[in-house]
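Just below is one structure, and these are the notes that go with it.
The values are calculated or read from the model by the stated rules, or taken from the named source; none is laboratory data. Computed from a prediction, not measured in an experiment: that's the story for all the values here. Heads up, the Cβs are rebuilt from the backbone with ideal geometry, glycines too, and the neighbour counts pull from every protein chain shown. Remember, those area values only see protein heavy atoms, side chains included, never the ligands or the DNA or RNA. Shrake-Rupley method; radii C 1.70, N 1.55, O 1.52, S 1.80 Å.
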Amino acid sequence: MATWHLTTPLRSEDVLQLRAGDVVLLSGDIYTARDAAHKRIMEQLDSGGTPPFPTEGAVVYYVGPAPAPPGRPIGSAGPTTSGRMDSYTPRMLALGVRATIGKGKRSDTVRNAMCEHGAVYLGATGGAGALLSQCVLAAEVVAYEELGPEAVRRLTVRDFPLLVINDACGGELYVTPKLDL
Amino acid sequence: MRIIEASAVHAAVRQMILAANRVLGDDVYAALKSSMESETSASGREVLRQLLENADLAASGGLALCQDTGAAVFFVEMGEDVRLGGGSLQHVLNSAMAQAYEEGCLRKSMCHPLTRCNTGDNRPAIVHTELVEGDRLTIRYMAKGGGSENMSRCTMLTPAQGWQGIKEFVVRRMAEAGPNPCPPTIVGVGIGGTFDLAPARAKRALFRRLDDVHPDAEVAAMETELLDALNALGIGPMGLGGRTTCLAVKIALHPCHIASLPVAVNVQCHSARHREVIL
């Protein structure tokens, strides 16, 4: 299992070399968006608009951070369950988003779309929000402030620790449960 | 009639919420630590190491253990010989909760179910109340995160399905949940009662310490049997494979109708944030 130091925006060659099980230490700007923000982005696209951040090579982090304590850029900021974003993800990937960060399983449709568009799904440790917040150097709301924790934020991260769960070649890290009833 | 001032309840609840969200229970911490020693999967061990580091950091830095600081769920036992002075219970729980979530930089996660508009202050709290004998007020608080709650289920089995049916339902549910509820999990199982009571009992069971043993030896044996079955699934920490899929199973039984066998599974992630205060 390789360890990669990658910086955003991601290039095709950055993404295509990744294999399920690899470790990625990600630096640069990433964008937060979860349920309500995705819905708003889709509505914007439907009405002929553009997403509120540059999508080419972008990394989208499924997170609704806790408010920043005094003197810190962000509060606890671990991943939320990605499956809830599955219905939106193929469209985001078609716009050039090269990686999504979350936790939990993705649908077959999303896995196929990742192969089609050359994108990966990266897992962060769920419930390690305090630890992960230490890798966030800056945070700024860029859209939908009224959505509170669900607003789109630009996070500047350094060495954000991730695991490749689904790669762009159909590889998957999650195990299939041994159901013996 | 004993009178407890609402201000005392407010202070106790506020403090309880802040502590629960920042300091992982010693029983859960110990369970994660001992799991790390027995975990065979390298990625599983790394996840457990991160979770312990996260707990240390949250406790020392006053940070929330998890960004999902949950729906605020309260189970209250109110003695029949006690009453609150200077405010209603519902009001004091809600206001202490809203204040703690604001002061503690805890995420406000409650929203309108259809418009999805955030209520802004984490209100309303979900409050279960029970009248009991005596003059004490027991308040239990749980920060119930959405990721694990979404994996919870309730079903109505037939009496003929019995324990085998219950076991199959719980194990199948957790296999389907896989990595989603942030394993290693703690699983509350409510067996019996009615359609509405079984999930409440399953949730209430999650307040038990991980290292306790059910006083009924038969139920204790069922808890062990289910725990072994869940860990045999091989899901492991965060679904990356390994032995540590579940830290504990807590079962609550309740008599039910002769025609019914309600069973509920309430899933709790490893970030099991709860506290209780007795006034």
Of the residues that make up the stretch B:128-135, is at least one within 14 Å of chain A (Cβ to nearest Cβ) and at pLDDT 95 or above? no
Subset of the stretch B:83-131 [crowded, with 16+ Cβ neighbours inside 10 Å and in a strand (DSSP E or B)]: B:L84, B:C111, B:N118, B:V127
Regarding B:L65, is this residue within 14 Å of chain A (Cβ to nearest Cβ) and over 18 Å from the mean Cα position of the chain (by Cα)? no
Which of the numbered conditions does A:P73 fail, given that it passes all the others? Conditions: (1) open to solvent by 20 Å² or more (accessible area, probe 1.4 Å); (2) out of contact with any strand residue (DSSP E or B) (no Cβ under 6 Å at 6 or more places or on another chain). (2)
Across the stretch B:95-122, which residue is nearest to the other protein chains (Cβ to nearest Cβ) among those that are under 15 Å from B:D68 (Cα atoms) and among the basic types (K, R)? B:R107
Pairs needed: first member in the stretch A:42-63, touching a residue at least 12 places away in the same chain (Cβ under 8 Å) and surrounded by fewer than 15 Cβ atoms within 10 Å (Cβ to Cβ); second member anywhere, part of a loop (DSSP other than H, G, I, E, B) and of a type in the set (D, E); C-beta distance under 9 Å; at least 6 residues apart or different chains. none
Return yes when A:R153 is away from chain B (no Cβ under 14 Å), within 25 Å of A:D46 (Cα to Cα) and either of a type in the set (D, E, K, R) or out of contact with any Ser or Thr (no Cβ under 7 Å at 6 or more places or on another chain) (or both) and no when it is not. no
Give just the number: which of (1) touching a Ser or Thr at 6+ places or on another chain (Cβ under 8 Å); (2) more than 14 Å from every other protein chain (Cβ to nearest Cβ) does B:C182 not satisfy? (2)
Tally up the residues in the stretch B:132-164 that are open to solvent by 50 Å² or more (accessible area, probe 1.4 Å) and touching a Leu at 6+ places or on another chain (Cβ under 6 Å), please. 1
Where in the stretch B:1-79 are there helices (runs of 4 or more DSSP H), lying wholly inside it, with at least 2 residues that are at pLDDT below 95 and surrounded by fewer than 17 Cβ atoms within 10 Å (Cβ to Cβ)? B:26-38, B:42-61
